[in-house]
Amino acid sequence: MPSLKTTYEVGLDFLEFLGQRISKTDRNELRDIYNFEFKRFVTVTQSHLLSVWHICFTRFIHVRVCFILSLYLKSLEKNIVCHLFMIVCFPSQWHISLKKKTHCHVCLSFRAELIKDKGGVEITSDPKATKGKVTFIIKEQGKLFVVKFHIVNHGESCVYFTYYTALHKMRCFTLVDERRVNRVSPLLLCPGESYVVEVHYKVHHHGHFPATMYFEFCPEADPPGTAKPFCIVRELEAVVQSGLAETLGPESPYNPKQNRRLRPENRILEEGVPPERLDLSIYLSIYLSIYLSVCLSLRLYVLRQVLDTQLCMKNYKERFHLLLHLEEIQMEVDIKKYDLYGKTMTLDKSNKKLLILKVPGVAENRPSVLRGDKLNVCLSEDRNQPITVYEGYVHSVELERVKLGFSKTLLQKFVKNMKFNVEFNINRFPIRLQHRAVELACQHRLGDVLFPSDKGTGHTALPHLRFAYLENNPEQKAAVQHILSGTSKPAPYLIFGPPGTGKTVTVVEAIKQVNKSKATTHILACAPSNSACDLLCERLLGYVDAHRLYRLCAPSRDPCTVPQKLLVRHIHGVLVSGGIAKGHFTHIFIDEAGQAVEPECIIGIAGLLDPVKGQLVLAGDPQQLGPILRSPLAQLHGLGQSLLERLMTQNALYQKSQDGHSGYETRFVTKLLRNYRSHPAILKIPNELFYENELQVFANQMEREAFCCWEHLPKKVPDHWGFPVVFHGVMGKDDREANSPSFFNVTEIEVIVSYLNKLMQTQGKKGLPKLSANDIGIITPYRKQVEKIRKALNTVAELNKWKDIKVGSVEEFQGQERKVIVVSTVRSSVNYVKMDQDFNIGFLSNEKRFNVAMTRAKALLVVVGNPVILRKDPTWQRFIRYCELEQGYTGFDYKDAEGEEDVVSRLASLKISSDGMQPYITLSDQKCNYIMCSYDSFCVCVSRYRREPTTAACASRVEI
């Protein structure tokens, strides 16, 4: 097996060989380059390919290149197959592990070398530095704060102080020294002599303001010019915060949980006690019992063929079975990462038969735990085989606490402070339902529904209907008429409903009209979430016979979560498993259809809808939040695409006509265009980016312009031409505490509280409306930020009346609206952006989440975030630029933070070297090809690819 050094060099050679072609993703083209061009120049073994994947990740190039390279090898060594599987299925973990193995020791040792006093020179500071970093708190904005660096020569010979600079500059600080030292005019420090350099901070905003100081020295030498210069580095960070920030700060240092251990194989299982009304006897046949083992027995190219072939009814079953299994495998792997060790439980005071376990991150689905799920626990001290494992059913989930039902055996031996190891398991029931739905879709021949064509449809006269609320909206009216006349059958009818256009109102009106049309109609209305279903049911109560309306809930749903209005009408039960006849429902409506994966969507269709006479209606917005998946491979091959989105992007019936006429074919789809929610300034960017600028402002003028004259808007005008959109720039910090994986940003909370105080003081004055807690919403992607904001609302006395303001994630606000929306983006570090992508949280690199967050506000939208980080995303860059142009930008000016090109230019003029065993790195215009500056951790990533033939490849990460 070649050494790591050899394989690393081969990887560098291949990337260098690709040159300008490094962005190519065509499989055949890359294969030919590899086999017929690259191999001619170097002898490559199969093991060498691992290095290519390594370099791909360290250079952050297209991940697809890594995946495509993995497809070319016919016969691989067993360990390479494992590496390949890890790369494809767990790219983030693989990236991190490679990075740790090959770079971390270089990072730490080289940073230690850079901050170390050397050459007889010692640098101290006031305030005092800890491990090379000076951190200080400023409690009063705008007040001058001075940091002094004392440079002392303790050596036996003279040393020239030749140069100093800040590698990363901000306009909030200046550098001061008496002699104005530079390379043209160096300062000679004889033994025992000292010199002072000052950094003057004057900050006018809350936040974290970093700097990295570089000091360069050169020993006196004879003859002159023969001595090698050396450098010493110090880091600075000014923290400007209020007393509230101290209250909300980390309660304890972040301590990630210990490494995962192997679960005991030899075990005895004690069954737990399920919650009431949880039916465990639903029969789901054998649709997934042996499928995975059959797949694994097939050759890989057969599975590749299933994934690569375009989806059709012929491969529908095989494709989705495979994708669901890939998703399940990833879920099983991911859930094990959350296993806990040495944890205590407490007895539930309200129910002595339940034990309470604290699970950090559960509120953010990290891990995902729902009522009816099962957890396994065993005594931490139990080492004797077989291990007794106690099964616990989840009875309820409350923020970060889970209530569990165990057997009497465990309850009888339970004592306070008893320590347990906890195993989390996925709930396979939803996936099993999806497997069965896929099978039934094929059995009941739903091809014309899932892959519709114009064949068999005709132009039907639309009925004349009387509408109570839709008369003035032609799109809503047309949608109801087409659904009632069945113009699309057997194809689904789509209601494309952008934010605030009355999609749910249209669905409710359509159900009402269908219900009135014939006594023999049977209607099923579904949605991917309980909240969406509850909303539909509540709105229908006033229009249909209450005795014929039922809210069917999953057996696992806690009755306490059912709205009071629906308690009388809600029942637990099943349809297909309960024996409902095929084709029983004449009309099936699926609201928020864009949020469900396709197999989940057809659970409500397969076996219930007549494939010829039935009418399926899908309502949703493919530009808003879609399904959440764990497997990147399943995502890549289409499982993350909803049925609604697939039809609108891949089927000509649901796309705009190409004959020069704008708009959709109304026999199959209606796009709602009238927005009844937002001020035009709030709607503008989402309208441009996601809806082809077609949305029309129909919101009530008085309501939408309620805050145009607010005195705290950055753009101040005397009339109703104000700009009710604010982007407040903040240089905050991503914090975590204890063992919770969730992030929070105290600086952003300080800004949010200041805006709430301003709203409280000005409401009901100067033409502004009175506000209640229900008029304001705060959106943030991280559960810990939600928790900290709620704590702030309860801490600040002036906001006592508004302590019930809804604070939640984007998902919790989809379909909702408020007069005032405040968005906290939290993220202030580029290092965690990849984590957000892996867990599908955060705003960066997720246009749909951005779209939902920006379109909840009616009259005022305030966004608080780090502009330096957010502008790396093109969508956010467009929004921030829009706020600047309209004078809606305030807070920290990101132009005050030096750009990366300026950092690169400065670094290129420096020469940083170290002696001994440490790496020798020269930063110059000729040899530095790739430099990336990370604002939050002062990292400079340097990769050198131009090598002499006999020199090993060098790619070092230097922290300074």
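So that you can scan it fast, the table gives a plain yes or no per residue for (1) under 30 Å from Val239 (Cα atoms); (2) among the charged types (D, E, K, R); (3) in contact (Cβ under 8 Å) with a residue 24 or more places away in the chain:
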position: Ala681; (1), (2), (3): no, no, yes
position: Glu705; (1), (2), (3): no, yes, yes
position: Glu711; (1), (2), (3): yes, yes, yes
position: Pro714; (1), (2), (3): yes, no, yes
position: Phe723; (1), (2), (3): no, no, yes
position: Glu737; (1), (2), (3): yes, yes, yes
position: Ser740; (1), (2), (3): yes, no, yes
position: Asn745; (1), (2), (3): yes, no, yes
position: Glu750; (1), (2), (3): yes, yes, yes
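The residues listed here are Gly607, Gly663; of these, the one that is surrounded by fewer than 18 Cβ atoms within 10 Å (Cβ to Cβ), part of a loop (DSSP other than H, G, I, E, B) and small (Gly, Ala, Ser) is Gly663.
If you go through the range 571-599 and keep only what is free of Cβ contacts under 8 Å to residues at least 60 places away in the same chain, exposed (fewer than 15 other Cβ atoms within 10 Å of the Cβ) and over 13 Å from His522 (Cβ atoms), you end up with Ile571, Gly573, Gly578, Gly579.
Need at least 1 residues that are within 15 Å of Leu759 (Cα to Cα), at pLDDT 90 or above and more than 15 Å from the chain's Cα centre (by Cα) per element, so show me which strands (runs of 3 or more DSSP E) inside the range 792-872 make the cut, counting only ones lying wholly within it.
818-824, 857-865
Is it true that some residue in the range 162-171 is closer than 30 Å to Ala792 by Cβ and of a type in the set (Ser, Thr, Tyr)? Among the residues of the range 162-171, not one is closer than 30 Å to Ala792 by Cβ and of a type in the set (Ser, Thr, Tyr), which makes the answer no. Scanning the range 511-532 for residues that are without any contact (Cβ under 8 Å) to a residue 60 or more places away in the chain and in a helix (DSSP H, G or I) returns Lys512, Gln513, Asn515, Lys516, Ser517, Asn530.
The residues listed here are Gly155, Gly142; of these, the one that is small (Gly, Ala, Ser), part of a loop (DSSP other than H, G, I, E, B) and surrounded by 13 or more Cβ atoms within 10 Å (Cβ to Cβ) is Gly155. Restricting Val176, Val181, Val199 to those that are under 49 Å from the mean Cα position of the chain (by Cα) and closer than 20 Å to Ile137 by Cα reduces the list to Val199.
Hey, can you tell me all the residues within the range 419-459 that are part of a loop (DSSP other than H, G, I, E, B), within 20 Å of Val273 (Cα to Cα) and out of contact with any Ser or Thr (no Cβ under 9 Å at 6 or more places or on another chain)? Residues satisfying the conditions are Asn425, Arg428. Evaluating Lys656 against the criteria (1) surrounded by fewer than 24 Cβ atoms within 10 Å (Cβ to Cβ); (2) in contact (Cβ under 8 Å) with a residue 24 or more places away in the chain; (3) within 26 Å of Met854 (Cβ to Cβ) leaves one unmet condition, (2). Screening the range 710-742 for residues that are hydrophobic (A, V, I, L, M, F, W, C) and at pLDDT below 90 and picking the one that is farthest from Pro499 (Cα to Cα) gives Ala738. Checking Asp621 against (1) buried (at least 20 other Cβ atoms within 10 Å of the Cβ); (2) of a type outside the set (A, V, I, L, M); (3) over 23 Å from Gln635 (Cα atoms), which single condition isn't satisfied? For Asp621, the exception is condition (3).
Which residues, counting only those in the range 533-570, are surrounded by 12 or more Cβ atoms within 10 Å (Cβ to Cβ), in a loop (DSSP other than H, G, I, E, B) and of a type in the set (A, V, I, L, M)? Selection gives Leu541, Val544, Leu549, Ala554, Val562.
How about the range 397-418: which of its residues are surrounded by 18 or more Cβ atoms within 10 Å (Cβ to Cβ) and either under 22 Å from Glu276 (Cβ atoms) or among the hydrophobic types (A, V, I, L, M, F, W, C) (or both)?
Val397, Val402, Lys403, Leu404, Gly405, Phe406, Leu410
Looking across the range 243-269, the residues that are of a type outside the set (Ser, Thr, Tyr), at pLDDT 85 or above and within 30 Å of Ile137 (Cα to Cα) come down to Gly243, Leu244, Ala245, Glu246, Leu248, Gly249, Pro250, Glu251, Pro253.
Given the structure, is Ile588 assigned by TED's automatic domain parsing to the domain that holds Val514, closer than 19 Å to Gly486 by Cβ and either of a type in the set (Asp, Glu) or not in a loop (DSSP other than H, G, I, E, B) (or both)? So Ile588 fits the description; yes.
When residues in the range 214-256 are screened for being among the aliphatic types (A, V, I, L, M) and within 23 Å of Val176 (Cα to Cα), 6 of them pass. Every condition in (1) exposed (fewer than 13 other Cβ atoms within 10 Å of the Cβ); (2) in contact with a strand residue (DSSP E or B) (Cβ under 6 Å, 6 or more places away or on another chain) holds for Gly192 except the one numbered (2). With the structure loaded, tell me whether Arg445 is charged (D, E, K, R), at pLDDT below 95 and on the phi > 0 side of the Ramachandran plot or whether it fails that test. Spelling it out, Arg445 is indeed charged (D, E, K, R), at pLDDT below 95 and on the phi > 0 side of the Ramachandran plot. Candidates Leu404, Leu411: the one that is more than 30 Å from Tyr654 (Cα to Cα), assigned to a strand (DSSP E or B) and at pLDDT 90 or above is Leu404.
Scanning the range 470-487 for residues that are in contact with a Phe, Trp or Tyr (Cβ under 9 Å, 6 or more places away or on another chain), of a type in the set (D, E, K, R) and farther than 22 Å from Gln624 by Cα turns up at least one hit. Pairs are defined by a Cβ separation below 9 Å, a sequence spacing of at least 6 or placement on different chains, a first member in the range 800-821 that is among the acidic types (Asp, Glu), and a second member that is surrounded by fewer than 21 Cβ atoms within 10 Å (Cβ to Cβ) and part of a strand (DSSP E or B); the pairs so defined are Glu812/Lys806. When Arg179, Arg111 are screened for being surrounded by fewer than 19 Cβ atoms within 10 Å (Cβ to Cβ) and charged (D, E, K, R), only Arg179 passes.
The values are calculated or read from the model by the stated rules, or taken from the named source; none is laboratory data. These figures come from a predicted structure and were not determined experimentally. Reconstructed Cβ throughout: ideal geometry from the backbone, glycine too, with neighbour counts over all protein chains shown.
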